[in-house]
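Asker: Attaching a single structure in structure tokens format; questions to follow.
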Amino acid sequence: MWFSFWRSRDRFTLDHLRYLTDQLAKVQIVNEVNKALRSIAELITYGDQHDPSFFEFFMEKQVVAEFVRVLKLSRTVSIPLQLLQTVSIMIQNLRSEHAIYYMFSNEHMNYLITYSFDFHNEELLSYYISFLRAISGKLNKNTISLLVKTRNDEVVSFPLYVEAIRFAFHEENMIRTAVRTVTLNVYHVGDECVNRYITSVPHTDYFSNLVSFFRNQCMDLNRLVSETLKNPCPDSTSTIIAAVDEIEDNLYYFSDVISAGIPDVARLITDSILMLLIFPLLLPSLRVVDANDMQSGVVTSLYLLCCILRIVKIKDLANTIVVALFYPLETFTRFSRGKVNGYISEFGLTSISQEPDDDNIAKGNAGCLTVNVPNSSSSSGFDPESVMSEDNCSSSNLALREVLLSYVTKGDDVLVWGSLSVLATLLQTKELDESMLDRLGILPQRKQHKKQLLQALVGEASGEDQLFSSENSLMRDGSGCELDVYLEKIKEQYGLSFLPSDFLMSPRVPRFQVLDALVSLFCRSNISAETLWDGGWLLRQLLPYSEAEFNSHHLELLQVSYKNSATALVKEVRGFWPDLLITVLCNEWRKCKKAMESSYPPKEPKCILFPSQMLSSEEDIPEGSSFAAGEKMHELVKVFVVLHQLQIFTLGRPLPEKPLIYPPGDLPANSRAQTSGLDVSGPKPGTEVSLVNAVPCRIAFERGKERHFCFLAISAGTSGWLVLAEELPMKKLYGVIRVAAPLAGCNPRIDDKHPRWLHLRIRPSSLPVLDPAKFNPNRKLKTKAFVDGRWTLAFRDEESCKSALSMILEEINFLSDEVHRRLKPLLNLETALDLSGPEEDSSSHSTTPPNSV
């Protein structure tokens with residue numbers, strides 16, 4: 001009989017559909033009907049869009065019932081496979097609402113959904129999940145009622161949803177993604193009866209199971225990060241990136257679920273995240289080492305806190321996390337049995353919000369948290385009675401918020417970066433009440449002033465009192481009660497008891513703790529420039545464009561740190577890369593200005609999982625390598641730039657678009673660059689050059705192939721070159737450039753045993769950071785590409801060799817002097833600030849003093 005399916009017939013005709021349906025109805029023993037099923041699907045799709053009579057015939061003959069009958073008769077996996085694919089194609093492509101109603105009626109779809117397929121067959125499972133997704137794509141408030149069973153106007157069965165979430169945690173990511181699509185399609189229908197069914201027991205277990213699954217992924221990420229720190233391998237970064245992507249996908253799914261607006265879902269997810277992840281793992285892991293799956297996961301915990309706050313937009317969740325930061329570690333012992341990390345007690349936070357000569361400096365044990373607020377005569381205008389000192393300085397009693405600040409002042413680079421990321425994320429979390437931000441000490445001053453101005457305008461208090469009083473208005477207007485509300489809520493719902501300390505009664509103290517920590521950060525020499533940029537961004541977000549909140553001690557510390565950075569930068573003028581120093585500085589000035597003025601932190605929170613090293617390790621970079629020196633120079637420039645811009649910022653002045661440096665000077669008439677006939681563009685192979693100052697030499701670029709050249713060292717402004725030229729036989733004292741290399745960093749040295757030999761280091765002409773296409777931000781360097789070259793020049797006598805050495809050193813001095821001359825206005829803080837003042841005309845920025853070269 002089955003050969004008749006392959007008879008030549010006109011496709012896409014009602015007759016052909018009638019023929020196929022008749023043949024399908026005659027089937028009693030199913031062997032192979034795949035072609036017939038595919039053809040019926042094609043015809044129904046065609047008819048839905050071109051001829052309604054096709055689907056009318058389809059309904060009249062109850063073809064869906066025939067599909068079900070064929071499925072019952074099947075003995076091989078090929079029939080269920082083809083049937084699921086056929087029905088999926090039909091549902092996806094049907095446009096008529098009438099057709100969808102028919103497909104979903106008569107319980108045929110629910111029968112297929114609940115049919116006992118052999119899901120050990122991965123292909124069959126894939127087709128089944130696609131089938132569920134196709135059905136969910138057609139759901140609306142009208143069609144969803146055809147797929148549920150009700151009793152007394154309440155949904156008692158919803159096979160599509162129940163069967164889909166059975167595979168929510170399947171090992172195959174594509175299946176999990178498809179199931180999430182099904183659930184989101186269900187949630188966004190907005191049917192109240194279905195929503196009550198979803199949020200009833202036992203279906204609420206799905207949400208807690210989601211968080212449990214997410215919790216396991218967080219643990220896996222922590223293990224990956226820990227293993228990478230111990231034993232880094234080439235694939236570590238890509239593996240962590242894949243894990244991070246999956247974690248963020250999960251959080252975005254939570255966010256999508258919440259956006260459906262189903263009552264109680266946000267509460268269910270909030271409770272699960274807090275009880276299964278935040279309280280037992282993330283918060284304790286900020287200071288835990290043993291007996292915890294996140295024992296070494298301080299960095300991972302900081303990242304996950306940022307990630308959750310940034311993606312999952314639930315007000316109660318965000319505010320509860322903030323309130324939890326005021327609790328000491330011992331509060332969470334019922335959630336985690338870990339041990340306190342012994343070294344954390346050394347991470348004490350000592351306030352520096354006082355004058356250096358203040359007699360009221362609080363004295364305590366090493367590692368204690370001490371905050372001493374300056375008297376009203378200081379720039380901050382604080383009452384000397386507002387002093388908070390915590391005598392019990394054990395790490396278990398230190399509030400988690402204070403742990404974050406202690407990391408900023410005492411932690412390593414990664415901990416600083418992670419803590420700054422958490423503070424920046426909290427600052428940008430719109431779900432947080434402003435009073436919460438103020439209690440954390442990170443409410444931007446402009447928001448404080450805006451609120452005070454509004455209150456003054458509506459007559460809630462005296463405008464003068466609101467705008468000019470040093471007292472914090474939050475204490476008077478009662479807006480601080482938001483914290484009290486969540487303190488009570490966290491006690492009632494989660495059983496966390498907490499006795500408010502004097503700290504909670506003094507909302508001025510947290511702001512100065514944060515300010516002190518940030519100022520201390522800029523005084524640290526063991527922190528990377530990228531982390532300092534993050535700290536600079538946060539500081540600029542918190543404070544207005546003035547020095548009003550900086551006391552003299554703050555300003556003094558920042559100036560000392562700036563001067564130390566300037567001194568280190570001056571040393572680079574005589575280093576390996578003076579010819580690129582100004583170029584790098586101008587580039588980093590522009591980048592830093594853009595980063596500081598941005599609405600978002602310079603780096604995403606996940607970057608803390610891939611910390612960039614401040615300097616390349618000795619194992620990766622040969623000792624004395626110019627590339628290592630270039631990395632160091634680049635880092636010093638970035639530190640100098642952010643500290644210089646902070647100096648301008650503290651005075652409330654706008655940042656100039658470019659650094660305040662002198663323009664290039666004119667070349668002296670008797671310079672070697674002038675006498676050789678070269679311009680500032682530099683020597684190019686094949687260019688003719690005068691050999692008046694050249695010294696003859698020999699060099700072998702290949703073994704056994706010695707060549708004769710004339711050697712020149714030339715500087716022009718902030719550039720310089722080593723030149724090897726071949727003398728022109730027909731033009732005396734002139735030659736053609738064959739080889740040129742950078743002058744800076746050549747480190748000339750006469751051989752100890754052969755006084756006619758001169759050794760030169762040949763470094764690359766550019767730094768990778770100046771060529772982003774060749775620069776890997778993760779610093780996975782192929783060292784072979786950055787190994788310095790070596791030249792050994794042989795001269796005819798010792799005097800010629802010494803003459804060449806003297807020429808090189810003289811030209812290096814000319815180059816370095818010109819670089820230093822141009823940087824002078826920037827290195828002198830008073831001059832730089834004067835030039836950046838608004839009263840100065842822009843032409844003053846390019847004033848050129850007499851050329852010192």
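The values are calculated or read from the model by the stated rules, or taken from the named source; none is laboratory data. Not measured: the values here are computed from a predicted model. Ideal geometry is used to build each Cβ from the backbone, glycine not excepted, and the neighbour counts take in all protein chains shown. Surface accessibility is based on the protein's heavy atoms, side chains included, excluding ligands, DNA and RNA. Shrake-Rupley method; radii C 1.70, N 1.55, O 1.52, S 1.80 Å.
Asker: Given the conditions (1) touching a helix residue (DSSP H, G or I) at 6+ places or on another chain (Cβ under 6 Å); (2) under 26 Å from S157 (Cα atoms); (3) open to solvent by 30 Å² or more (accessible area, probe 1.4 Å), and given that N209 satisfies all but one, which numbered condition is not satisfied?
Answerer: Among (1) touching a helix residue (DSSP H, G or I) at 6+ places or on another chain (Cβ under 6 Å); (2) under 26 Å from S157 (Cα atoms); (3) open to solvent by 30 Å² or more (accessible area, probe 1.4 Å), N209 violates only (1).
Asker: If we keep just the residues of the range 677-700 that are touching a residue at least 12 places away in the same chain (Cβ under 8 Å) and hydroxyl-bearing (S, T, Y), which is most open to solvent (accessible area, probe 1.4 Å)?
Answerer: Checked the range 677-700; the qualifying residue most open to solvent (accessible area, probe 1.4 Å) is T687.
Asker: Same structure, new question: How do the pairs read when you match residues in the range 428-444 that are farther than 18 Å from L317 by Cβ and charged (D, E, K, R) with residues anywhere that are open to solvent by 10 Å² or more (accessible area, probe 1.4 Å) and part of a loop (DSSP other than H, G, I, E, B), using Cβ under 8 Å and keeping only pairs 6 or more apart or on different chains?
Answerer: So the pair list comes out as D438/N472.
Asker: Name the residue, out of T320, T333, T300, that is at pLDDT below 80 and of a type in the set (V, I, T).
Answerer: After ruling out the rest, the residue left standing is T333.
Asker: Among the residues of the range 200-228, how many are under 21 Å from C607 (Cα atoms), in contact (Cβ under 8 Å) with a residue 24 or more places away in the chain and either among the aromatic types (F, W, Y) or touching a Ser or Thr at 6+ places or on another chain (Cβ under 8 Å) (or both)?
Answerer: Result for the range 200-228: 6.
Asker: Let me ask something else. Is there any pair with a first residue in the range 58-78 that is assigned by the TED database to the domain that holds D118 and a second that is modelled with pLDDT of 75 or more whose Cβ atoms are under 9 Å apart and which are 6 or more apart or on different chains, and what are they?
Answerer: Matching pairs, first to second residue: none at all.
Asker: To continue, here is another question. If you go through the range 188-199 one residue at a time, do you hit one that is within 33 Å of the chain's Cα centre (by Cα), under 24 Å from D245 (Cα atoms) and in contact (Cβ under 8 Å) with a residue 12 or more places away in the chain?
Answerer: There is no residue in the range 188-199 that is within 33 Å of the chain's Cα centre (by Cα), under 24 Å from D245 (Cα atoms) and in contact (Cβ under 8 Å) with a residue 12 or more places away in the chain.
Asker: Hey, another quick one. Can you list residue pairs whose Cβ atoms sit under 8 Å apart, with the first residue in the range 748-759 being assigned by the TED database to the domain that holds K802 and open to solvent by 40 Å² or more (accessible area, probe 1.4 Å) and the second being assigned to a loop (DSSP other than H, G, I, E, B) and of a type in the set (A, V, I, L, M, F, W, C)? Count only pairs 6 or more apart in sequence or on different chains.
Answerer: Listed by first residue and then by second, the contacts come to R756/F795; W757/F795.
Asker: State whether one or more residues within the range 803-810 are farther than 23 Å from G575 by Cβ, surrounded by 17 or more Cβ atoms within 10 Å (Cβ to Cβ) and modelled with pLDDT of 90 or more.
Answerer: Start the filter on the range 803-810 by keeping residues that are farther than 23 Å from G575 by Cβ, which leaves 803.
Narrowing further to those that are surrounded by 17 or more Cβ atoms within 10 Å (Cβ to Cβ): none.
Within the range 803-810, not a single residue is farther than 23 Å from G575 by Cβ, surrounded by 17 or more Cβ atoms within 10 Å (Cβ to Cβ) and modelled with pLDDT of 90 or more.
Asker: Hey, does the range 145-157 have a residue that's among the basic types (K, R), at pLDDT below 95 and over 18 Å from M109 (Cα atoms)?
Answerer: yes
Asker: Select from the range 630-676 the residues that are open to solvent by less than 20 Å² (accessible area, probe 1.4 Å), in contact with a Gly (Cβ under 6 Å, 6 or more places away or on another chain) and more than 22 Å from L542 (Cα to Cα) and list them in ascending order.
Answerer: Of everything in the range 630-676, nothing turns out to be open to solvent by less than 20 Å² (accessible area, probe 1.4 Å), in contact with a Gly (Cβ under 6 Å, 6 or more places away or on another chain) and more than 22 Å from L542 (Cα to Cα).
Asker: Please note which helices (runs of 4 or more DSSP H) are completely contained in the range 121-230 and include at least 2 residues that are small (G, A, S). Working first, answer last.
Answerer: Details: elements: 122-136, 159-165, 173-187, 192-198, 205-230.
Here the list reads 122-136, 205-230.
Asker: Across the range 559-609, what is the total count of residues that are without any contact (Cβ under 8 Å) to a residue 60 or more places away in the chain and within 15 Å of R822 (Cα to Cα)?
Answerer: Counting residues in the range 559-609 that are without any contact (Cβ under 8 Å) to a residue 60 or more places away in the chain and within 15 Å of R822 (Cα to Cα) gives 1.
Asker: Here is a further query. Does P234 satisfy being in contact (Cβ under 8 Å) with a residue 60 or more places away in the chain and open to solvent by 40 Å² or more (accessible area, probe 1.4 Å)? Walk me through it before giving the result.
Answerer: Details: in contact (Cβ under 8 Å) with a residue 60 or more places away in the chain: yes; open to solvent by 40 Å² or more (accessible area, probe 1.4 Å): yes.
Taking the combined requirement at face value, the residue satisfies it.
Asker: Restricted to the range 613-636, and to residues that are in contact with a helix residue (DSSP H, G or I) (Cβ under 7 Å, 6 or more places away or on another chain) and within 20 Å of V416 (Cβ to Cβ), which residue is modelled with the lowest pLDDT?
Answerer: Residue satisfying both the conditions and the ranking: L615.
Asker: Then there's this: Looking at Q85, Q92 in this structure, which one is surrounded by fewer than 20 Cβ atoms within 10 Å (Cβ to Cβ) and under 24 Å from F169 (Cα atoms)?
Answerer: Sole residue among the options that is surrounded by fewer than 20 Cβ atoms within 10 Å (Cβ to Cβ) and under 24 Å from F169 (Cα atoms): Q85.
Asker: Another question, if that's okay. Identify all residues within the range 253-283 that are in a loop (DSSP other than H, G, I, E, B) and open to solvent by less than 40 Å² (accessible area, probe 1.4 Å); write none if there are none.
Answerer: Of everything in the range 253-283, those that are in a loop (DSSP other than H, G, I, E, B) and open to solvent by less than 40 Å² (accessible area, probe 1.4 Å) turn out to be A260, I262, L283.
Asker: Quick check: anything in the range 447-462 touching a Ser or Thr at 6+ places or on another chain (Cβ under 6 Å) and modelled with pLDDT under 90?
Answerer: So the first thing to find is which residues in the range 447-462 are touching a Ser or Thr at 6+ places or on another chain (Cβ under 6 Å), and the list is 452.
Of the ones still in play, those that are also modelled with pLDDT under 90 are 452.
Yes: the range 447-462 contains one or more residues that are touching a Ser or Thr at 6+ places or on another chain (Cβ under 6 Å) and modelled with pLDDT under 90.
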